[in-house]
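Novice: Starting off with a structure, shown below.
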Amino acid sequence: MKFIYKLCLFLIPLFFLTSCFDILEKTSVKADGSGEYTLILNGSKSKTRIASISKMETINGKKVPKKAEVESKIAEAGKIFKATSGISNVKTSMDFDNYILKLSCNFKNIENINAGLEHLKGKKIIGKTIPTQIYSQNSAKKIFSRNKINSFKSDYQKMSTADKEIFSNAKYTSVLQFENTVKSQSNSSYLLSPNKKALKLEGNILDFILEKKLIQNNIILQ
């Protein structure tokens, strides 16, 4: 969750000036370990407020980024992902009418996504302390993992009351889809689909920050 917070905070701060936004992280994995990764930030529920904020220079002491700045950072992140070995078909889009940001790509193995994040860190798109080894996979043993990452709880507790309000109604959803059937998992907070080929985790972002819900999961496939 710390990675998602920091990445989004850097790429599109407008989302973090309102408490009503959704983050969807979707990963589809084929039997050979390749797949598709998608990250969507949806601020449409607060589009009227965001549109008003975008016309301001600052709010709560924070600079409000202009459209050109947001587009530049999104484009830069896309170029970095495109240059990462194992990653292809990188697509980025920004709907400034509904404030929906999307980044998607294909990967040869899930560790390519980790490498892409490392490159973002190297180019200072995300901070040095941001965890990047968020996925791992052992194809031989048919194990797919959402790795444990550093907690953001202490950072949150140091925030001002106004900044904490940003997360009050924010939602996070993770969807993991597999070509193979899921045999077992270590985190029962993930809901298993009827066909046993997809897992879904959702909740308030604040629940993940405060570790009331955990993202890490070891998934064994058939």
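Novice: What number of residues in the stretch 190-222 are at pLDDT below 95 and either touching a helix residue (DSSP H, G or I) at 6+ places or on another chain (Cβ under 7 Å) or farther than 24 Å from Gln157 by Cα (or both)?
Specialist: Matching residues across the stretch 190-222 total 8.
Novice: Looking at the stretch 70-145, what strands (runs of 3 or more DSSP E) fall wholly within it and have at least 3 residues that are farther than 20 Å from Ala31 by Cα?
Specialist: In the stretch 70-145, the matching strands (runs of 3 or more DSSP E) lie at 87-95, 100-107.
Novice: Out of (1) surrounded by 14 or more Cβ atoms within 10 Å (Cβ to Cβ); (2) under 28 Å from Glu111 (Cβ atoms), what's the single condition that is false for Lys141?
Specialist: (1)
Novice: Out of the residues in the stretch 169-213 that are in contact (Cβ under 8 Å) with a residue 60 or more places away in the chain and part of a loop (DSSP other than H, G, I, E, B), which is farthest from Lys141 (Cα to Cα)?
Specialist: Once the filter is applied, the top-ranked residue is Asn169.
Novice: Return the pairs, sorted by first residue and then second, in which the second residue is assigned to a loop (DSSP other than H, G, I, E, B) and among the polar types (S, T, N, Q), the first residue lies in the stretch 30-41 and is at negative phi and modelled with pLDDT under 95, the beta carbons are less than 6 Å apart, and the residues are 6+ apart or on different chains.
Specialist: Sorted first by the residue in the stretch 30-41, then by its partner, the pairs are Ala31/Asn180.
Novice: Here is a further query. Just one of (1) over 27 Å from Val90 (Cβ atoms); (2) at pLDDT 95 or above; (3) not in a loop (DSSP other than H, G, I, E, B) trips up Glu165, so point out which.
Specialist: Of (1) over 27 Å from Val90 (Cβ atoms); (2) at pLDDT 95 or above; (3) not in a loop (DSSP other than H, G, I, E, B), only one is false for Glu165: (2).
The values are calculated or read from the model by the stated rules, or taken from the named source; none is laboratory data. Treat the numbers as computed from the prediction; the structure is a model and nothing was measured. Because the Cβ atoms are built from the backbone with ideal geometry, glycine has one as well, and the counts that use them run over all protein chains shown.
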